[in-house]
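Comments concern the structure below.
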Amino acid sequence: MSRFLSQRFSKLKEYIPGEQPRGMSYVKLNTNESPYPPSPEVIAAMNMGEIEKLRLYPDPICRALKETIAANYGVNPQNVIIGNGSDEILSFIFMAFCDKTTGVCYPDISYGFYPVYAQVYGLDSREIPLNDDFTLSADDYLNAGRTIVIANPNAPTGLSLRLSEIERIVKANPHSVVAIDEAYVDFGGESAVQLIKKYDNLIVIQTFSKSRSLAGARLGYGIASAPLIADMEKLRNSINPYNINLLTQLAGEAAIISQSYYDKNCAKIVETRKYTEKKLDELGFNCLDSHANFLFASSHKLTGEQVYSGLKSRGVLVRYFPKTRIKDFVRISIGTKEQMDIMLNALKEMLFQ
Ligand SMILES: *Cc1c(COP(=O)(O)O)cnc(C)c1O
């Protein structure tokens with residue numbers, strides 16, 4: 001740390017992304033990317049003519065992309081904000097909507113970025129423990145008195161909440177913003193997007209990184225009532241009005257238009273998840289009931305860290321979390337069936353040789 005860093009960041013613990021090894025010699029099942037390429041329409045949209053336009057600034061309001069997303073959900077463009085990844089939308093939410101109430105709350109086992117943003121913005125944060133089986137009880141979030149952030153399906157557990165439970169939480173907190181992070185909704189969750197028409201305190205966040213094969217393009221969006229979106233737009237325009245580059249805007253539009261291509265990929269991933277879950281079960285692993293593109297699995301023989309290191313030395317990357325409640329688990333992204341077989345064979349070798 002230099003002697004120039006602001007005092008308020010001196011104790012900041014930053015977010016640590018999953019490893020991104022260069023050279024791709026690993027079977028990479030650690031950051032929940034899609035194993036399938038972007039759609040042919042997305043690839044065609046990024047042609048030479050568009051690349052030449054990179055000398056110009058991109059559209060700061062992402063008009064075309066906003067209209068495409070809005071039409072896709074039957075909402076208005078004023079209900080949509082576009083972010084450089086959904087992480088940026090989350091950042092706006094923590095920045096904008098948490099200090100008028102008494103702070104922010106989220107489950108104790110959830111996306112690792114939430115506590116980081118709470119620290120960056122100096123917020124009072126409360127971690128609400130999930131039940132022993134890692135399910136979330138809506139009852140724990142009624143009249144929270146603070147901003148609520150919930151990933152649904154949750155990460156890294158993969159468990160999901162019914163829409164009726166989400167609605168109970170939104171309804172019971174009319175004076176707080178409720179943010180539902182739907183990064184994994186396309187793999188088996190129930191989306192809360194339509195509830196934004198009924199509740200002005202709800203923000204739903206989605207991403208192009210997981211189901212739409214565009215993690216490298218950095219694109220996410222929030223859907224909410226027009227006043228909430230206007231507040232976030234104010235921050236976006238005050239920090240980085242050109243937050244979405246020109247090629248990414250085009251990729252996003254083309255991706256929404258090729259939804260059926262991605263639906264097929266999601267169906268394949270769900271099928272591979274079921275296959276992998278069965279095989280892991282045969283190897284003595286316990287998997288939580290995933291509605292996402294990963295499995296959260298524990299072995300009674302090995303800790304999460306041991307599974308992670310054993311797999312890494314055999315060329316397979318997965319993720320483990322050094323946190324007491326989940327130290328026996330690894331999170332395994334769902335790749336192609338061939339990739340999962342490589343992972344399963346490596347596990348067999350570790351367990352039985
Ligand atoms: C991956 C992920 C995100 C962020 O994705 P972006 O690539 O920034 O869009 C947000 N929330 C959860 C729960 C995630 O797993």
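Which whole number in µm²/s is D for the chain by Stokes-Einstein, with the Kirkwood Rh taken over Cα pairs at 4 °C and 1.567 mPa s?
Rounded to a whole number, D works out at 61 µm²/s.
Please identify every one of the GluC sites (Glu not before Pro) in region 15-47 that sits in a loop by DSSP and has no more than 16 other beta carbons within 10 Å of its own beta carbon.
Numbers: sites: Glu19, Glu33, Glu41; in loops: Glu19, Glu33.
Loop-located and lightly packed - Glu19.
Taking θ = phi - 60°, what integer Hz values does the Karplus form 6.51 cos²θ - 1.76 cosθ + 1.60 yield along region 262-278, in sequence order, with x for Gly and Pro?
For region 262-278, the Karplus-derived couplings read 6, 4, 5, 4, 4, 4, 5, 5, 5, 5, 5, 4, 5, 4, 5, 4, 5 Hz, x marking Gly and Pro.
If the cut-off is a Cα-Cα distance under 18 Å, which aspartates and glutamates reach Lys301, setting aside same-chain residues fewer than 8 apart in sequence?
Here the aspartates and glutamates satisfying the reach criterion relative to Lys301 are Glu277, Asp281, Glu282, Asp328, Glu349.
What is the packing order of peptides 226-235, 187-196, taking the mean over residues of other C-beta atoms within 10 Å and listing the highest first?
So the order, starting with the most tightly packed, is 187-196, 226-235.
Express as a percent, rounded to the nearest 5, the fraction of DSSP beta bridges in the chain (both residues included) that run antiparallel.
Expressed as a percentage, antiparallel bridges in the chain total about 55.
Using only the Cα atoms of region 35-179, construct the convex hull and provide its projected area averaged over every direction, in square nanometres to one decimal.
11.4 nm²
In nm, to one decimal, how far is the modelled label at Leu56 from the one at Lys13, with both set 7 Å along Cα→Cβ?
Calculated label separation equals 4.7 nm.
Could you give the distance between the Cα centres of region 186-244 and region 94-150, to the whole Å?
If you average the Cα positions of each part, the centres end up 18 Å apart.
Rounded to whole Hz and in sequence order, give me ³J(HN,Hα) for region 126-136 from the Karplus expression 6.51 cos²θ - 1.76 cosθ + 1.60, θ = phi - 60°, writing x for Gly and Pro.
Karplus values, whole Hz, x for Gly and Pro: 10, 9, 9, x, 5, 4, 4, 8, 6, 6, 10.
For Thr31, what charge total do you get from the other residues with a beta carbon under 10 Å from its beta carbon, if Lys and Arg give +1 and Asp and Glu give -1?
+2
Just read off the accessible area of Cys287 with the full protein assembly in place, 1.4 Å probe, to the nearest 10 Å².
Probe radius 1.4 Å; accessible area of Cys287 about 20 Å².
Looking at this model, which pairs from Lys66/Lys171; Lys28/Lys327; Lys171/Lys197 are more than 19 angstrom apart at the alpha-carbon?
Listed pairs above 19 Å: Lys66/Lys171; Lys28/Lys327.
On a straight-distance basis, which lysines could pair with Lys274 in a cross-link, Cα separation under 16 angstrom, same-chain partners fewer than 8 positions away excluded?
Here the lysines satisfying the reach criterion relative to Lys274 are Lys264, Lys337.
Mind listing which GluC sites (Glu not before Pro) in region 60-151 are in a DSSP loop and have 11 or fewer other Cβ atoms within 10 Å?
Values: sites: Glu67, Glu88, Glu127; in loops: none.
In loop regions of region 60-151 (DSSP not H, G, I, E or B), there are no sparsely surrounded GluC sites (Glu not before Pro).
Counting only helical runs of four or more DSSP H residues, what would the 222 nm mean residue ellipticity of the chain come to if each run contributes -39,500 (n - 2.57) and the total is spread over all its residues?
That comes out to -11000 deg cm²/dmol.
Give me the net charge for the shell around Gly284: Cβ to Cβ below 12 angstrom, other residues only, Lys and Arg +1, Asp and Glu -1.
+1
Take the chain, connect every pair of alpha-carbon atoms lying under 10 Å apart with a spring to form a Gaussian network, then pick out the residue of Ile109, Ile89, Ile203 with the largest mean-square fluctuation.
Between Ile109, Ile89, Ile203, it is Ile109 that shows the largest mean-square fluctuation.
Once you charge only the Cβ atoms, +1 for Lys and Arg and -1 for Asp and Glu, what is the size of the charge dipole of the chain about its Cα centre, to the nearest 20 debye?
The calculation lands at about 660 debye.
Please work out the average accessible area per residue across the chain, using the 1.4 Å probe convention, and give it in Å².
For the chain, the solvent-accessible area averages 47 Å² per residue.
For the pair Tyr26/Glu41, report the inter-label distance in nm, with labels modelled 7 Å from Cα in the Cβ direction.
Label at Tyr26, label at Glu41, 3.4 nm between them.
The values are calculated or read from the model by the stated rules, or taken from the named source; none is laboratory data. Note that the structure is predicted; figures quoted are calculated from it, not measured. Here the Cβ is made from the backbone with ideal geometry for all residues, glycine too, and neighbour counts use every protein chain on show. SASA here: full protein model, heavy atoms, side chains in, ligands and nucleic acids out. Shrake-Rupley method; radii C 1.70, N 1.55, O 1.52, S 1.80 Å.
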